[in-house]
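The block underneath contains the structure these notes are about, expressed in structure tokens.
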């Protein structure tokens, strides 16, 4: 519940009215196996046509990883690497939607839901424009929100550092969690 003012107008020190989390992930990109260590390029649950793929223990979906960490961060819980260690063979090649679903389960368990989510994907190629709506739809479904509450922006690294040289992908995500009983400022 949002804090309530007492008779003096002071806010009670109960549960905050919202929580904010920041997630970040980076994956090195290499030729797709068997030629290299890269996995098929999956981002936001969408398979992208690319000769390079993320190097990772799971399916390497950097967008889902950053979303997971943003949710876990808002809840002040351990990060994705602590919950799903990369040295645990059970997670080898795992669909990263499992991680987002687990973070959402924990959020709901604590009485929170996603108010909105904003993501920035930094990647030289391929261009995300033609596939962004699919990513937004996938995220909205996983988060249990309307697609209008999810944004995914594509940027390039301007040919600077590993991301700009096309050797890595970076993703940053900010998520707003609100009490589960509220929708756009109104109690349900």
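Looking at segment 26-44 only, could you name the residues that are buried (at least 24 other Cβ atoms within 10 Å of the Cβ) and touching a helix residue (DSSP H, G or I) at 6+ places or on another chain (Cβ under 6 Å)? Result: 43, 44. For segment 104-138, filtering for residues that are touching a strand residue (DSSP E or B) at 6+ places or on another chain (Cβ under 8 Å) and closer than 20 Å to residue 75 by Cα leaves 11.
State which residue is surrounded by the fewest Cβ atoms within 10 Å (Cβ to Cβ) when the search covers only segment 45-101 and only residues that are assigned to a strand (DSSP E or B) and in contact with a strand residue (DSSP E or B) (Cβ under 8 Å, 6 or more places away or on another chain). First the steps, then the outcome.
So in segment 45-101, the residues assigned to a strand (DSSP E or B) come out as 46-47, 52-54.
Narrowing the set further to residues that are in contact with a strand residue (DSSP E or B) (Cβ under 8 Å, 6 or more places away or on another chain) leaves 52-54.
Numbers: 52: 21, 53: 25, 54: 27.
Of everything passing the filter in segment 45-101, 52 is surrounded by the fewest Cβ atoms within 10 Å (Cβ to Cβ).
Each residue in segment 95-126 was checked for being closer than 15 Å to residue 145 by Cα and free of Cβ contacts under 8 Å to residues at least 24 places away in the same chain, and 1 of them qualify.
Restricting segment 139-148 to residues that are crowded, with 19+ Cβ neighbours inside 10 Å and touching a strand residue (DSSP E or B) at 6+ places or on another chain (Cβ under 7 Å), the residue that is farthest from residue 45 (Cα to Cα) is 143.
The numbers here are math on the coordinates, done by the rules we state, and not lab data. Predicted model only: the values in this text are computed from it and were never measured. Reconstructed Cβ throughout: ideal geometry from the backbone, glycine too, with neighbour counts over all protein chains shown.
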